[in-house]
Amino acid sequence: MSLLFLTIVTGCSQPSSLYQDQFLAFGTVVSLSIWGASKQQNHEASRLIREDFAAMHDTWHAWKKGGLLGEINQNISDGKPTPLSQEASELLQQSATLSEQSNHLFNPAIGKLVALWGFHGEERKGPPPAQEKIDLLLQSNPTLSTLQFTEGNIQSSNPSVKIDLGGIAKGYAVDRAIEQLKQLGIQHAIVNTGGDLRAIGAHGERNWNIGIRAPDGGEPIASLQPKNDESIFTSGDYERMFLYEGKRYHHIIDPRTGWPATGTRSVTVIHKRATIADAAATALLIADPEQRTTIAKQMGIEQLLIIDQAGDYHMSESMQQRLTFLGDPPHITRLVIR
């Protein structure tokens, strides 16, 4: 779920040329906005995207019985291979590549750590897990670099690997949805998964306008306008969390420590591909300050906004040029990505 909340700013009235639909998937509200398409295109787009999101939820749910990812994880634990379609293989190989580019800060192999913290279910509560249990999983060093893709199969040499694609699944689904819209001849649309989105075309004679709210909510602090075909994804520390003895624990686990990442409240990135933006936002929320620009460059991110624990803003020049602040502009530290 998006953690630096993004909303589509469309004004008070909604012209008849704007079609909108909403449904639940991946534990959040998915919104589809289409401009200037026919009634038939709109309805077909809604049907296809709803069906595809539901299918992906079942296929890529790490803990759902009967899904492909659940089967893969069980077979990894048992030391057995799992047959894969080309499409499934490409997603997992891309996940492994993005993990390597992030220096394994984006690490979908730590599903057992996620489960240990209780973030694999709907109800999350304390206390935090025992340090001994965390250390045991860290010592097994689960990463996607141990995945082996051979003759249409996948397996891993490390039985401690449990793949959880929560840090990339929404981006992947959004990319698929946009491609489906394009195939239907739709040129102007936004697919928005709880604030993480990809936008194509424009809103009539105006650009789409996206409002950005600060991590603590409230009124939008800035707006930006996507250009032609762009994804805007945010990762933050204040959703999917629990409070225990007055301390907040969120779901984005630092794979180096086994504990929720600290130091950063939220990260927003812009990239053409939602899959990349999704993974990069997660990695950059975990990254130490001195790692940020290196990780961003390795993952192909040039437009980046970070709000740290102290409420200070850090952003690249290209991101700053895109934002229109709606009040007094904050103090900004420039991130130089080379």
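So how many residues does the stretch 295-329 have that are polar (S, T, N, Q), in contact (Cβ under 8 Å) with a residue 60 or more places away in the chain and either under 17 Å from A96 (Cα atoms) or in a helix (DSSP H, G or I) (or both)? If you could, list the steps in order and put the result at the bottom.
Taking the stretch 295-329 as the starting set, the residues that turn out to be polar (S, T, N, Q) are 298, 303, 309, 316, 318, 320-321, 324.
Applying the additional criterion that residues be in contact (Cβ under 8 Å) with a residue 60 or more places away in the chain yields 298, 324.
In the following step, the residues that additionally are either under 17 Å from A96 (Cα atoms) or in a helix (DSSP H, G or I) (or both) were identified as 298.
Total satisfying the criteria: 1.
The residue of the stretch 98-141 that is nearest to R273 (Cα to Cα), among those that are within 24 Å of the chain's Cα centre (by Cα) and basic (K, R), is K112.
Would you be able to say whether some residue in the stretch 251-261 is on the phi > 0 side of the Ramachandran plot and either modelled with pLDDT of 90 or more or crowded, with 23+ Cβ neighbours inside 10 Å (or both)?
Filtering the stretch 251-261 down to residues on the phi > 0 side of the Ramachandran plot leaves 258.
From what is left, the residues that are either modelled with pLDDT of 90 or more or crowded, with 23+ Cβ neighbours inside 10 Å (or both) are 258.
Looking through the stretch 251-261, at least one residue is on the phi > 0 side of the Ramachandran plot and either modelled with pLDDT of 90 or more or crowded, with 23+ Cβ neighbours inside 10 Å (or both).
When each of A274, A296, A279 is tested for being within 19 Å of the chain's Cα centre (by Cα) and under 22 Å from A214 (Cβ atoms), the lone residue that passes is A296.
Apart from one condition, R265 fits all of (1) part of a strand (DSSP E or B); (2) in contact with a helix residue (DSSP H, G or I) (Cβ under 9 Å, 6 or more places away or on another chain); (3) surrounded by 23 or more Cβ atoms within 10 Å (Cβ to Cβ); (4) in contact (Cβ under 8 Å) with a residue 40 or more places away in the chain; the exception is (3). Reported count of residues in the stretch 143-183, each being under 23 Å from A274 (Cβ atoms) and surrounded by 15 or more Cβ atoms within 10 Å (Cβ to Cβ), is 20. Within the stretch 157-205, being touching an Asp or Glu at 6+ places or on another chain (Cβ under 9 Å), part of a loop (DSSP other than H, G, I, E, B) and not small (G, A, S) holds for P159, I168, L184.
Under the condition of being among the charged types (D, E, K, R) and free of Cβ contacts under 8 Å to residues at least 60 places away in the same chain, the residues counted in the stretch 170-217 number 5.
Residue-level check: of (1) in the same structural domain as Q183 (by TED's automatic domain parsing); (2) surrounded by fewer than 16 Cβ atoms within 10 Å (Cβ to Cβ), A37 misses just (2).
Here the condition is being aliphatic (A, V, I, L, M), in contact (Cβ under 8 Å) with a residue 40 or more places away in the chain and not assigned by TED's automatic domain parsing to the domain that holds I307; of I221, I163, it holds for I163 alone.
Examine the stretch 143-154 for a residue that is in contact (Cβ under 8 Å) with a residue 40 or more places away in the chain, farther than 24 Å from G67 by Cβ and assigned to a helix (DSSP H, G or I), and state whether such a residue exists. No, the stretch 143-154 contains no residue that is in contact (Cβ under 8 Å) with a residue 40 or more places away in the chain, farther than 24 Å from G67 by Cβ and assigned to a helix (DSSP H, G or I). With respect to the conditions (1) crowded, with 17+ Cβ neighbours inside 10 Å; (2) modelled with pLDDT under 95; (3) not polar (S, T, N, Q), F53 lacks only one, and its number is (2).
The values are calculated or read from the model by the stated rules, or taken from the named source; none is laboratory data. Note that the structure is a prediction, hence the values are computed from the model and not measured. Cβ coordinates were reconstructed from backbone atoms using ideal geometry, including for glycine residues, and neighbour counts include every protein chain displayed.
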